[in-house]
Structures are given as structure tokens and as C-alpha cells.
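Readers should treat all values here as calculations from the given coordinates under stated rules, not as data from a laboratory. Since the structure is predicted, the reported quantities are computational estimates derived from the model, not experimental observations. When we count neighbours, we look across all protein chains shown, and the Cβ atoms used for this are built from the backbone with ideal geometry, even at glycine.
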Amino acid sequence: MPEIPGGLGSFIPGDPRTREPWHVNQQTILRAGILGAIAIALFVTLIVRLWALQIISGNEYLRIAQDNQVRTVRLQAPRGSIVAKDSSVVLVGNRLSREVLVWYAELPGKGNRPTRYTVLKKLAHVLNIRPHRLYREVEQRKIDPLNPVVAKVDVNRWQGDYILERADQFPGVEVASRYVRTYPHGWLAAQTLGYVGSATTGEIKGDPSGLIKPGDLVGQYGIEAAFDKYLRGTPGVASQRIDSQGRPQSGLVANPEPQPGDTVQLTLDSGLQSAAQKALKDGIQAAINSHCTGCWNANGGAIVALDPNDGSVLALASSPSYPPDVYSGHVSNRKLARWGLTTATAAAANYPAINRATSGLYPPGSTFKPVTAIAGMQNGVLNPDQNLHCTGMMKVNGHPFHNWDPNANSMINLPTALAISCDTYFYQIALRIYGLPSRFGEPLQRWAKNFGLGRHTGIEIGDYAGLVPTKKWQAQHYKAPQDRTWKPGDSILLSIGQKDLQVTPLQMARLYAGIATGKLVYPHLLASVLRDGRVVQAGASKVATTIGGSGFSQKLDVIRSGLYLATHDPLGTSTPVFGTFPVPIAGKTGTAEKWSEQYKSWFDQSWWCGYGPVDKPEIVVCAVIENGGHGGTAAAPAAREVFQHFFGLKNSTYAMATHSD
């Protein structure tokens, strides 16, 4: 057979349904090599990484894994105790309380069962608290998930055991112990001692030490706040192994241990404080029993006892009051409302949270008259031996100004004027001061401030400065143009402790300490700070400053003579109360009108301030009874009870002052 030209390939046509076989070329081989190299590199990298993780860093990652099973707990430090002048008398201590904590980081996440809200709702039901409040507090902890939310303190045994026995139903919930404050002497010095509470955001941010964390207890008021840096102590840190459900698998191991706070020793005499609180209660009742005009509304007051030599505060009594343990442990609005400690209930309870001894503002009435007398003598308008006419009333520019005793009609000198508290005598001094040339300034106001009125006393727990009205102040604060100018009547009212004059009982005690010693002391409550029985910080009292200059002591002697006559002269306004007292006491009554917005009426505030013994003063007592009538009726008998306890005297009878301002 002849050969077919072109061969079989040229003879048989191609089939379009078939593809030409794939041919390997150099480009394909290069690509395959690159991919193979990459694969090999990845496998080598993976093997090297696994070797590094297991061989080189195995121990480190094992430690990290184990740490994920360990919870770090902040251990609260026990707060230091607060003790009285006698350090064996504990005013504030500690006790252990069970509390329930919620750890935000360990709560169930979204989509988990049970949900976060389910856990918190069930927990709130067990603890008998509002679930929305708990949920809100937990959500706010997002910014600090490693510190727990305190759901409730002082949980009972049933609640704590229920949660512990069903730990799997409460992931992220812990039952722990913490210290809470105790008050062995009940209501004693409640407002002065103050209370603690969970640190606020502002307190945390404002802490220069950076030691305060969310959930920490810090002083919020009174002594607890004033000396918080000593009382707080140093928290510790503890570790605890937990399982995947957050359940404890071991006990707490502390490192470091918490360091307890220091003990704060006060100048308060616990026995005298108790006597002052009882005296205040008796004084209020005496005012009510007197049936004087407006005395049905006697419902509060304060007593201050002060060492006139160094300013040590011996007692600060304020009424109405409250049991301080209302702020201990679980604090609820219901508990606070019961004692008038909420905004809604405070007015009806006459504001028991206010420490009236340091922050109650009152016109001082006739207890201010020694200042008027000193201003008159110091500015040359009053000769203490000169007799002035004491009358029942005097007119100034046609306006009548009355004396508390409408039947008064005699010529008297300064000591007698103080003894019988003649208003019209001091009106005349005020008019003479008002008539002084402008270069003399404002003598009444200046001498009031020289004795510490109108300014803070510097006491550690804080106080109100009060108000000494001046011409400038009046021009700025009165609306009617005719009232902005200081007139003779303004000086007259100020001379007897009225007008717009506002003082605290502590300021008046300081004033009378100045009269007794000639020095202005700085009231203080801190005696010392103790650590393990050793003094680490002494009381920071300032050195008293001398009042007045050359010849001033002779003027004070005249005032002291008048104050002694006020308690011993037959016509003295508090002689019935102190005339037979075994220890010679000097002092002054006062009756000050104060306007009540509630009743749209004026009420008399009952005052008495004085010191004893007369020849060597050891104690100053100042008492005010709100709406208590005349000073000799309520305040003087209350002050007498405090003196009686201080000097260790038995109860003795005395006559009620029936003719007193």
C-alpha cells in the first residue's frame, strides 16, 4: 500500500470535543517550586514555634495558665479605733460582718445560660434588694472589672449559706467577711464621731496617695472623715484558686497582710459627754415644762464644754440626734428615714444630722454683751464705774427700744449691768460707739472678730463661720435702699446680740474662754494618734493668742466681776441656779429672738455661757436650748448639770430662775 502523504496526523481531522494534552513547561515548574518552598517554610515555622512554646517558654505559659485559675482579692484593713480622753473607753470599734460581692469579670457573658441578668435578679431576690439597683451598680463596674461590687453587707447566715451551697447558680458571686463599725456607747457623740461609707468616684480620683479603690470604706463625716488618713490603715492582697465557674478551690493566702489603722484618741471626756447629752435633754424638757410663750416648740439645742487653757474640747452635745450604727453595715434609705437622715424626712425631725455645737447658727442675745462692753471701754466711750440709767424702754429717733425687764429703773455701773443684763444700759453704749468718727471703724464688729466670731474656729471636724454684720455686708445684702444704710438702731440691736449676728455654741464657748483667761484658744478634738500603744502623732493644737494689749487685763477683770455677780448677786439673772453651787461659777444668761419660717413667728433661744472655778478656770460651758425661752429657765440649769459632773459633785437642789433674760 502506498504511503499516505502527510502521515496519519494530517489525514485524520481533530475532534473539537477533546482538548490537547497539557504540556509541562519551565514556567510551570518554577511556580510549583515556589509553592513548595512556601509550604516547607510554613511547616518549618510551625514546628519551630511549637518547639519554642513547649520547650523554651513552656514553664512561662504554664504559669500564666495557672494564674488564670487564681483570683486576686483586695483585703480590707480594719479601721483604727476611736477612743476617748481615757484611752480605755472605746467610742468606735470594729466587728466582722458577712458581705456578698459580685465580680463583674466573672459574670456570664452575652448569650450564656444563665444570663448575667438572671444571676443578678436571683441574687437580689435572695438578698432582698432591688434587682435594677444591683444591675446598675454592676454595669458601672465595667471600667474596673477586677474590683467587686458590694451587693450587700451584714447578710444573715441563711442568705450566705444559700449562696454558698448553690455556687454553680451564682457564677461571679462571692460571700466574704469585712469589718464594720460598732459603737459600744450607743448614741454618745453621734454627730461628732461621724460615719464611714464606700468611697465615691470623687474621693477615689481626689486621693493623692492613690490607695483608695472602689468598695473601700472611707470617713464621710465627723471624726471618721477628719482623721481618715490615720484610721483607714493599709489594705492587703490575697490569692485564691478558683475553678472555671469561679468557685473557690482554696483558702485565701495573704501577701501582704492588711495593716490595721491607727487608734485616734480624742480630748472628749466620755463621762462628761454623756452628762452633757443628758443635761441637754433635761434643759429641753425644763423649757417645755415652764409653759413660757413659744416654749412648747423647744425641740433642740447644743452644749459645748471646753478647756479654756488649751482649747481641748471636753464635750460636744447636739440634739436631736440619732444612733450612729444606722450608718454601720447595710445602710438603707428606710433606716435613714426613720431617724430623719434623708432629705425628705430631715425637716420633720428637726435636722438631727446637724452638729449644732459646731454648725448650729443662732443669735447669741445677751451673752454677747461683754463684747459690747469691751468695745466701749477700748474705744474710750465707757467708764465701767460710771452709772448709767437702766430703764424699761428708751426711744431713739422716735422708735422705742425695750428692755427685757419693763420695770427696770435704776442707776447702775457696768458690773451690775452685766449682772442684771440691762438692755437699755448697752443701748447707750451702742449709741456712743455709733457716734464715733469714721477713723474708729466698726468697734463692735472688730471686737466680735477679735474674740473669734464671724470666722472658723479651726476645729478638725469643720464648723460654720457664722456672721458678724458690717456696714459693707448690709449694703450688699439688703434689697430695700432704706435698709442698706447702717443706722443707730442697727448698732443698738447688735449691742445685745441681735440684728443679723449669727454664732455657733462652739464660738461662744471660745469667746468665754477668752474672757476667762485673756487668750483666744483654738478648739481641737485630737489628743494623739496611737500605734501599738505608742504615740505616733500628738494633738496639733495651736498656741493660744493673747487678746488685747496693754491694760486689757484690767478691763477683762471688770467683765469677770460682772459675770460673777450674774451668778451670785441677789439680782443676778442666774443666781438662783448657781448662787449655792459649791464651786464659784461666773457666767451670763441670754435670750435671743430667732425667726421661724415654719411658724412665721419669733421664738426665744435660751442661752447660758460661763466658766469655773472663777479664780482658776478649768472648764467653759456654753448651752443653748432652741425655742427654750429665757436663759435662766432652761440653758442655765442644763449648764449646771455639766459643771456638777465635771467637779464630781452630787445632785443638789436649786431654785429655778423666774426673773431672767
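Using the 10 angstrom Cβ neighbour count as an exposure proxy, how do Tyr599, Tyr512 rank, fewest first?
Going from sparsest to densest Cβ surroundings: Tyr599, Tyr512.
Can you list the HN-Hα couplings for segment 354-362, worked out from phi with the Karplus curve (6.51, -1.76, 1.60; θ = phi - 60°), rounded to whole Hz and with x for Gly and Pro?
6, 7, 5, 5, 10, 10, x, 9, 9
What trypsin sites (Lys or Arg not before Pro) does segment 109-215 have in DSSP loop regions with at most 15 other beta carbons within 10 Å?
Within segment 109-215, the qualifying trypsin sites (Lys or Arg not before Pro) (loop, at most 15 other Cβ atoms within 10 Å) are Lys110, Arg166.
Just rank Ser97, Ser87, Ser601, Ser421, fewest to most, by other beta-carbon atoms within 10 angstrom.
The most exposed by this proxy come first: Ser601, Ser87, Ser97, Ser421.
Mind ranking 195-202, 554-561 by how tightly packed they are, going by the mean number of other C-beta atoms within 10 angstrom, highest first?
Packing proxy ranking, top to bottom: 554-561, 195-202.
Report, to the nearest 10°, how far helix 26-51 tilts away from the longest principal axis of the Cα atoms in the chain, using its own Cα long axis and a range of 0 to 90°.
50
Using the Karplus equation 6.51 cos²θ - 1.76 cosθ + 1.60 (θ = phi - 60°), what ³J(HN,Hα) coupling, rounded to whole Hz, does each residue of segment 429-443 give in order, writing x for Gly and Pro?
Calculated HN-Hα couplings, in order: 5, 4, 5, 5, 5, 4, x, 5, x, 4, 5, 7, x, 10, x Hz.
Based on DSSP H runs of at least 4 residues, each adding -39500 (n - 2.57), what is the mean residue ellipticity at 222 nm of the chain after dividing by all its residues, to the nearest 500 deg cm²/dmol?
Taking each H run of at least 4 residues, the total per residue is -9500 deg cm²/dmol.
Taking only Cα atoms, what is the 0 to 90° angle, nearest 10, from helix 270-290's long axis to the longest principal axis of the chain?
Helix 270-290 sits roughly 60 degrees off the main axis of the chain.
Want the number for Trp473 to Asn407: 0.36 nm per residue separation, take away the alpha-carbon distance, what's left?
Full extension from Trp473 to Asn407 adds 20.2 nm.
Give the Rg (one decimal place) followed by the Dmax (whole number) of segment 71-266, computed from C-alpha coordinates and expressed in Å.
17.9, 61
Quick one: if you stick a label point 7 Å off each Cα along the C-beta vector at Arg95 and Ser332, how many nm between them?
If labels sit at Arg95 and Ser332, their model points lie 1.8 nm apart.
Sort 481-488, 32-39, 626-633, 520-527 by the packing proxy (mean of other Cβ within 10 Å over each peptide's residues), most packed first.
Order by mean packing, descending: 626-633, 520-527, 481-488, 32-39.
Say the cut-off is 29 Å between C-alpha atoms; which of Lys335/Lys542; Lys449/Lys487; Lys85/Lys205 go over it?
Listed pairs above 29 Å: Lys335/Lys542; Lys85/Lys205.
Among DSSP beta bridges whose residues both lie in segment 71-266, state the antiparallel percentage, nearest 5.
95
For Val237, enumerate residues with amide H under 5 Å from its amide H, sequence gap 5+ or separate chain, H modeled in the peptide plane.
Leu75, Asn255
Whole-Hz ³J(HN,Hα) for each residue in segment 181-187, computed from phi via Karplus 6.51 cos²θ - 1.76 cosθ + 1.60 with θ = phi - 60°, x for glycine and proline: what do you get?
So the J values, rounded to whole Hz, are 6, 10, 10, x, 10, x, 6.
Given Cβ point charges of +1 (Lys, Arg) and -1 (Asp, Glu) and nothing else, what value in debye, to the nearest 20, does the dipole of the chain about its Cα centre take?
Taking the Cα centre of the chain as origin, the dipole is about 960 debye.
Report the net charge of residues surrounding Lys205, where surrounding means a beta-carbon distance below 14 angstrom and charges are Lys +1, Arg +1, Asp -1, Glu -1.
It works out to a net charge of -3.
Calculate how steeply helix 116-127 sits against the longest principal axis of the alpha-carbon atoms of the chain, using the helix alpha-carbon long axis, and give the answer as 0 to 90 degrees to the nearest 10.
40
(i) 317; (ii) 198; (iii) 357: which one is volume of the Cα convex hull per residue in Å³ as calculated from this entry?
Only one option fits the structure, namely (i).
Expressed as a whole number of Å, what is the distance separating the alpha-carbon centroids of segment 430-444 and segment 157-194?
63
Would you order Met508, Met656, Met394 from fewest to most other beta-carbon atoms within 10 Å of each residue's own beta-carbon?
Met656, Met394, Met508
What does the charge add up to near Asn297, with Lys and Arg as +1, Asp and Glu as -1, over the other residues with Cβ less than 15 Å from its Cβ?
-2
Treat every Asp and Glu Cβ in segment 71-266 as -1 and every Lys and Arg Cβ as +1, leave all other atoms uncharged, and give the resulting dipole magnitude about the Cα centre to the nearest 20 debye.
Roughly 640 debye for segment 71-266.
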